[in-house]
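Remarks on the structure that follows.
The values are calculated or read from the model by the stated rules, or taken from the named source; none is laboratory data. None of the values given here were measured: they were computed from a predicted structure. Cβ sites come from the backbone with ideal geometry, for glycine too, and all protein chains shown count toward neighbours. Each accessible area value is taken on the protein alone, full model and side chains, heavy atoms only, with ligands, DNA and RNA left out. Shrake-Rupley method; radii C 1.70, N 1.55, O 1.52, S 1.80 Å.
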Amino acid sequence: MVALLALIAPTLAVDCTRDGLLAAADSYLAAVTSGKSSDLKLSSTNFTYQQNNKVSDIAKGILSTPWKIDLNRSTADTVACASYTMFISSSGTKPYVVGTQIRHANNDTSSISMIDTVAATTGDLFFDAKKTLGYIQKEDWTIIPADQRPSRDLLKKVGDAYLDMWTDAKAADTIPWGTECERVEGSSYTSPCGKTLPHGGSAKNNGMRRYVIDEEMGSVDVLCQFDSLGPWPDSHEVRVIAGKVKYVHTITVMKT
Ligand SMILES: *[C@@H]1O[C@H](CO)[C@@H](O)[C@H](O)[C@H]1NC(C)=O
Ligand SMILES: *[C@@H]1O[C@H](CO)[C@@H](O)[C@H](O)[C@H]1NC(C)=O
Ligand SMILES: *[C@@H]1O[C@H](CO)[C@@H](O)[C@H](O)[C@H]1NC(C)=O
């Protein structure tokens, strides 16, 4: 019976679960805290570590040292079977604000196939981890009631339109800005968000876009290469509440 199940199992559709994604994200945060990437359940056949848009050795990146985490938050995308985790470490000699997407192949959240990190530190765009922490600590990230969630499609469009503002003069007007929207770019704070937006001007599209879309949180995170101004490794996260943009966060690395 067991042998028979083992034969059948690989062909059965397995659901990617929110709990599984968030448990894997927590295991990542535990590894960040301990500085031991060896504790992570990485796929032995299909694992990639990427830091600041470059494939690299996990043993040499930020996971090689323990970090004290002041704040963390994770979102989950069961369709892409991926999660997004943001954490801030502000107290050490090397402060960090980090955005990480974790991916799982074949809907198997017990095994990690990719850790994709954008890690900003002193000298990066508007970098001040303590100031960023102060703004983000005050935010409300409770789950959105089931009947008020933005669709996956809307979240993807908002994420893309945001990154298109530098190349497409009309993109900013397609975004449903909330009247009390707050934008935290590095540590630079703007409210309302819909103020002082770019309307085209660059010929270079922001490329290498990777998405984590969470309808329950009403959020989209896009890791990308900010070619319009850069080429800078970048994370743009947007949260939509009651159909309108409420928060925008950016992490942008200038020194790589
Ligand atoms: C993976 O999980 C998602 C969400 O439950 C589901 O829609 C999808 O069909 C699953 N894919 C596979 C290959 O099992
Ligand atoms: C992440 O944040 C939660 C509260 O949102 C906290 O309970 C947990 O201890 C934090 N994890 C780490 C590793 O700091
Ligand atoms: C390897 O992992 C990536 C996600 O990081 C996934 O897109 C790809 O399908 C996986 N390949 C195999 C052969 O499972």
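Report yes if some residue within region 55-66 is among the aliphatic types (A, V, I, L, M) and open to solvent by less than 20 Å² (accessible area, probe 1.4 Å); otherwise report no. Yes, region 55-66 contains at least one residue that is among the aliphatic types (A, V, I, L, M) and open to solvent by less than 20 Å² (accessible area, probe 1.4 Å). The single condition among (1) farther than 29 Å from residue 244 by Cβ; (2) of a type in the set (Ser, Thr, Tyr); (3) in contact with a His (Cβ under 9 Å, 6 or more places away or on another chain) that residue 132 does not satisfy is (1). Among the residues making up region 205-225, those that are without any contact (Cβ under 8 Å) to a residue 60 or more places away in the chain and either open to solvent by 20 Å² or more (accessible area, probe 1.4 Å) or in a strand (DSSP E or B) (or both) are 205, 207, 209.
Conditions (1) within 17 Å of residue 222 (Cα to Cα); (2) at pLDDT below 95; (3) within 16 Å of ligand 3 (Cβ to nearest atom); (4) in a helix (DSSP H, G or I), marked per residue:
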| position | (1), (2), (3), (4) |
| --- | --- |
| 119 | yes, no, no, no |
| 124 | no, yes, no, no |
| 136 | no, no, no, yes |
| 142 | no, no, no, no |
| 156 | yes, no, no, yes |
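Against the definition (within 20 Å of residue 52 (Cα to Cα), charged (D, E, K, R), out of contact with any Asp or Glu (no Cβ under 6 Å at 6 or more places or on another chain) and open to solvent by less than 30 Å² (accessible area, probe 1.4 Å)), how does residue 128 come out, yes or no? So residue 128 does not fit the description; no. For region 103-113, the criterion of a residue being within 16 Å of ligand 3 (Cβ to nearest atom) and in a strand (DSSP E or B) is satisfied by at least one position. Selection of first residues in region 62-74 that are more than 10 Å from residue 32 (Cβ to Cβ) and in a strand (DSSP E or B) and of second residues that are within 16 Å of ligand 1 (Cβ to nearest atom) and open to solvent by 30 Å² or more (accessible area, probe 1.4 Å), restricted to Cβ pairs under 7 Å at least 6 apart or on distinct chains, gives the following pairs, ordered by first then second residue: 74/22. Within region 98-107, being buried (at least 17 other Cβ atoms within 10 Å of the Cβ) and within 16 Å of ligand 1 (Cβ to nearest atom) holds for 102, 103, 104. Within region 171-193, being free of Cβ contacts under 8 Å to residues at least 24 places away in the same chain and in a loop (DSSP other than H, G, I, E, B) holds for 191, 192. Is there a residue in region 76-97 that is of a type outside the set (Lys, Arg), part of a helix (DSSP H, G or I) and open to solvent by less than 60 Å² (accessible area, probe 1.4 Å)? No: region 76-97 contains no residue that is of a type outside the set (Lys, Arg), part of a helix (DSSP H, G or I) and open to solvent by less than 60 Å² (accessible area, probe 1.4 Å).
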